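S.K.: Before I ask anything, here is the structure I am working with.
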Amino acid sequence: MTLKLNMNIVFLQLGSNLGDRELLLQGAIVAIEERVGGLVIKSKVYESVPWRVEGQENYLNQILKVKTELQADDVLSIILDIEKNLGRLRLEKWGERLIDIDIIFYNDSIIETAELCVPHKHMHERMFVLTPLHNIAPEMMHPKYNKTVDELFQICTDKELVIEYAV
């Protein structure tokens, strides 16, 4: 008799605007596959201007859909460790960063703790999140707002430039 393990689907956003941005995204993907779970699909890479911040370099952003046995708080702990291992220093909120990894969705769960807010509390306001997410999961339903990613993408008022990046 074999035991069936609970598989969860987590959507992770990667962002980088310092150093070798492409290499950092790739390093994050490798570490996520090794420590979080299997990559189901990844979005195209997009370049965007920093969100509501002046004087920073542009970001590269990408969304991953990952299948994992881990619980959401364990995923958070591991991605924070991956960020640290890739050189991330947390000096200021919305500051420049070598790598940023955020949990956007975890199954269709709503999690609101001091450490974790899922779905990501600002995702619906940010085209740099919605554009790559729309690329791989336009039908995904936001469990709190009861709208699909496509609907959120269509009504988002963020006008910051997000363009496909030629890798």
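S.K.: Among helices (runs of 4 or more DSSP H) lying entirely in region 68-167, which contain 2 or more residues that are of a type outside the set (A, V, I, L, M, F, W, C) and touching a residue at least 40 places away in the same chain (Cβ under 8 Å)?
M.R.: Working: elements: 72-85, 127-136, 149-155.
The helices (runs of 4 or more DSSP H) meeting that bar are 72-85, 127-136.
S.K.: Taking E47 as meeting all but one of (1) touching a Gly at 6+ places or on another chain (Cβ under 8 Å); (2) farther than 10 Å from L14 by Cβ, write down the number of the exception.
M.R.: Looking at each condition in turn, E47 falls short on (1).
S.K.: Considering region 46-63 alone, what residues qualify as being surrounded by 20 or more Cβ atoms within 10 Å (Cβ to Cβ) and in contact with a Pro (Cβ under 9 Å, 6 or more places away or on another chain)?
M.R.: Filtering region 46-63 for residues surrounded by 20 or more Cβ atoms within 10 Å (Cβ to Cβ) gives 46, 48, 59-63.
If the condition is that a residue be surrounded by 20 or more Cβ atoms within 10 Å (Cβ to Cβ) and in contact with a Pro (Cβ under 9 Å, 6 or more places away or on another chain), then Y46, Y59, N61, Q62, I63 are the ones that fit.
S.K.: Continuing with this model, one more query. When region 124-134 is examined, which residues are found to be out of contact with any Leu (no Cβ under 7 Å at 6 or more places or on another chain) and buried (at least 18 other Cβ atoms within 10 Å of the Cβ)? Talk me through it step by step, then tell me what you get.
M.R.: Of region 124-134, the ones out of contact with any Leu (no Cβ under 7 Å at 6 or more places or on another chain) are 125-129, 131-134.
Correct list: R126, M127, F128, V129, T131, P132, L133, H134.
S.K.: Please go through region 39-88 and pick out each residue that is touching a strand residue (DSSP E or B) at 6+ places or on another chain (Cβ under 9 Å), closer than 20 Å to L18 by Cβ and not aliphatic (A, V, I, L, M).
M.R.: Within region 39-88, Y46, E47, S48, P50, W51, N58, Y59, N61, Q62, E83, R88 qualify.
S.K.: Additional query: If you check E22, E33, E54, E47, which single one turns out to be among the acidic types (D, E) and modelled with pLDDT under 95? Show your work before the answer.
M.R.: On the way: E22 fails: modelled with pLDDT under 95; E33 fails: modelled with pLDDT under 95; E47 fails: modelled with pLDDT under 95.
Result of the check over E22, E33, E54, E47: E54.
S.K.: Could you grab the pairs with beta carbons closer than 6 Å, sequence gap of 6+ or different chains, first residue in region 27-45 and free of Cβ contacts under 8 Å to residues at least 40 places away in the same chain, second one among the acidic types (D, E)?
M.R.: L39/E33
The values are calculated or read from the model by the stated rules, or taken from the named source; none is laboratory data. This is a predicted model, so every value here is computed, not measured. We place every Cβ from the backbone using ideal geometry, glycine too, and count neighbours over all the protein chains shown.
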